[in-house]
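Quick notes on the structure that follows.
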């Protein structure tokens, strides 16, 4: 029987793929690619059609297989899939390094760039070749042979380390639960959290309630549970995951893995001639120098910290007035923050849940996107193969023609990584036969499951997460580029990649859009105006605390990667303490081991790049301010955003595209205004 992973179809055959197919599929594709590249390198004068386009086809086939495998490892993780994935990570890393250090291949691309044909190529074709040549340099192609071998060895080691870090976080998250006998043990918890905990207990053949470290279970406990001891237990278990501390001390410990990752990154950067990994990271970003990033973060911190100090002082005074609490512990902050919010605005996330049933939110989200970008989103009647019964599949059409498709996997479950993300399934590009391969996206969240026949009811924070990830999806799917290197989010500077996602979040706060995305799950009645007004008033509640928390993460990440040297390692926890002294107002307990589960920088793509969230937030707020001026569903403004930011992919520099959309360079003022941090 043919390997289902090797079927060259637009949609993967998830109903047929098994763990035993993974390694043979990768072996086959890598062998085919190596043989084909050997033939391509014998051409006298490599050009676009007979060389670059053929290389693109080879890489696309590998990407299509690998994206499916990576996706399954994230959403249907099992021992068998994990083992196969680890084997393949090594194989794919070895192949990528081998390609990146192939001087003959490098010379062939340089010949293309230096040829007369290059002057006749399109903007996207030229940018693709320039990006590829830069990637060759960043892969060590021009290193001496001994250093090349060292670079290859380190690349393999890094791939293994980041995979192990991620596995440890997943195992540690799933390796601890809190089992209580009844609701009286957890006073204050909302019904939705109790129902989910009851369901979690039943799934484990237990009586009573089970709480896990998955966010939909963890957050209600630390936010609403009136039992401070249980809040502390949850907080400590969550914030010591994958570390040498806490209830699972040393079991899935990432302490040494973090040091090893930093050591390898520092050496890789040094081999390429960079002073540190932060410099290496900025090679493909909007920001030019580490100093520029640090200045940006510290300027925001200086403007935000006074507001954060005021927020904290208000919270301390409130806690003391409420029940005499004089010492505000880290596990008390969410609890008293919610109490203060309820008192000040007569509003809680739980009050909003009934008005945000997932089906209504999805339909409203699609309506917003349709009105903004002139598209139609359809739930397909005869769905393609899916990896789980909860997954939904949709197509995007414009003017009666399908232009993209996506999968939505929104519920938390066992063996699924936490968090929310968009990932590439297929990239838009022109095939050799002239046809267009449509872009396809995986969109993943971890919301609470429906219980008792009700639809899943979202908090407004979760609605915002949904819009955020869909913004990434639109960036990937609405591209008009036909070269995969610059199609969708490919080739987009990492500190600009969050622009569309954070931009889409704004519609979650607009009354005109909220009419579309809200409606009581039983009666269908719209969000009452009293709740809406209170929600809008509460939008910037404790914005100072939230902002400095994000700046703490960003500054910690960037300083860590700019200061870590091969011969002068950095004490990770000491550096974090320094950063907190500088920007934070809440000091966590000594046992807090936040870095040990900071997957964004140790296992994701955000190493020396977490600042991108704030950087892109400036762009997103300023971009949205044009809609504030013209109308939030103004079709001309929506079309302009689509044709500049969303359709162009990585074919042009993001600042150039932003200026084309906004008519000027970005201003930080809209972000400060939206966040309630403007004077």
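Read-outs throughout are calculated quantities, based only on the coordinates presented, and are distinct from any laboratory measurement. What you see is a predicted model, and the numbers here were worked out from it, not measured in a lab. All Cβ positions, glycine included, derive from the backbone under ideal geometry; neighbour counts span all protein chains shown.
Mind giving me the nanometre distance, one decimal, between the label points for residue 41 and residue 629, set 7 Å out from Cα along Cα→Cβ?
That separation, rounded to one decimal, is 5.3 nm.
For residue 346 and residue 283 in the same chain, what is the full-extension length gain: residue separation times 0.36 nm, less their Cα-Cα distance, in nm?
Values: separation 63, 0.36 × 63 = 22.68 nm, distance 4.83 nm.
Net length gain for the segment: 17.9 nm.
Just to verify a number: FRET efficiency for residue 79 and residue 295, C-beta to C-beta distance, R0 = 45 Å, to 0.05?
Plugging the Cβ-Cβ distance into 1/(1 + (r/R0)^6) gives 0.45.
Along the Cα-to-Cβ line of residue 678, 7 Å from the Cα, sits a label point; which residues in segment 625-648 have backbone N less than 14 Å from it?
Residues passing the 14 Å test: 625-629.
Label points 7 Å out from Cα along the Cβ direction at residue 177 and residue 194: separation in nm?
About 2.0 nm separates the two model spin labels.
On a 0 to 90 degree scale, rounded to 10, what angle separates helix 191-203 from the longest Cα axis of the chain?
Approximately 60 degrees, to the nearest 10.
Could you work out how far the C-alpha centroid of segment 182-203 sits from that of segment 239-273, in angstrom?
Taking the Cα centre of segment 239-273 as reference, the centre of segment 182-203 is 35 Å away.
Going by C-beta contacts inside 10 Å, put 475, 42 in order with the fewest on the left.
The order, fewest Cβ neighbours first, is 42, 475.
With a cut-off of 18 Å, note down the residues of segment 347-367 whose backbone N falls inside the zone around a label point 7 Å from the Cα of residue 322 toward its beta carbon.
Output list for this probe position: 347-352.
Within a 10 angstrom radius of the beta carbon, how do 387, 48 rank from fewest other beta carbons to most?
Taking fewest neighbouring Cβ atoms as first place, the list is 387, 48.
Quick check: pseudo-label points 7 Å beyond the Cα along Cα→Cβ at residue 8 and residue 122, how many nm apart are they?
Going from the residue 8 label point to the residue 122 one covers 2.1 nm.
Using 1/(1 + (r/R0)^6) with R0 = 35 angstrom and r between the beta carbons of residue 23 and residue 435, what's the FRET efficiency to the nearest 0.05?
Efficiency at R0 = 35 Å is approximately 0.70.
By how many nm would the segment from residue 397 to residue 86 grow when fully extended, if each residue of separation counts as 0.36 nm and the alpha-carbon distance is taken off? Before the final figure, lay out each step's value.
Working: separation 311, 0.36 × 311 = 111.96 nm, distance 3.74 nm.
Stretched out fully, the residue 397 to residue 86 stretch lengthens by 108.2 nm.
What is the helix-to-structure angle for 123-138, meaning the angle in degrees between its Cα long axis and the longest Cα principal axis of the chain, kept from 0 to 90 and rounded to the nearest 10?
The angle comes out at about 90 degrees.
So, R0 is 51 Å and r is the distance between the beta-carbons of residue 380 and residue 226; what FRET efficiency does that work out to, to 0.05?
FRET efficiency, residue 380 to residue 226: 0.65.
Angle between the Cα long axis of helix 612-630 and the longest principal axis of the chain, 0 to 90 degrees, nearest 10?
Roughly 80 degrees between the two axes.
In whole angstrom, how far apart do the alpha carbon centroids of segment 406-441 and segment 131-181 sit?
Measuring centre to centre over Cα atoms gives 22 Å.
Once each part is reduced to its C-alpha centroid, what is the distance from segment 39-106 to segment 308-322 in angstrom?
54 Å
Going by the alpha-carbon gyration tensor, a ≥ b ≥ c the square roots of its eigenvalues, is segment 175-239 rounded (a/c under 1.5) or, if a/c is not under 1.5, prolate (a/b greater than b/c) versus oblate?
Oblate, since a/c reaches 1.5 and b/c is not below a/b.
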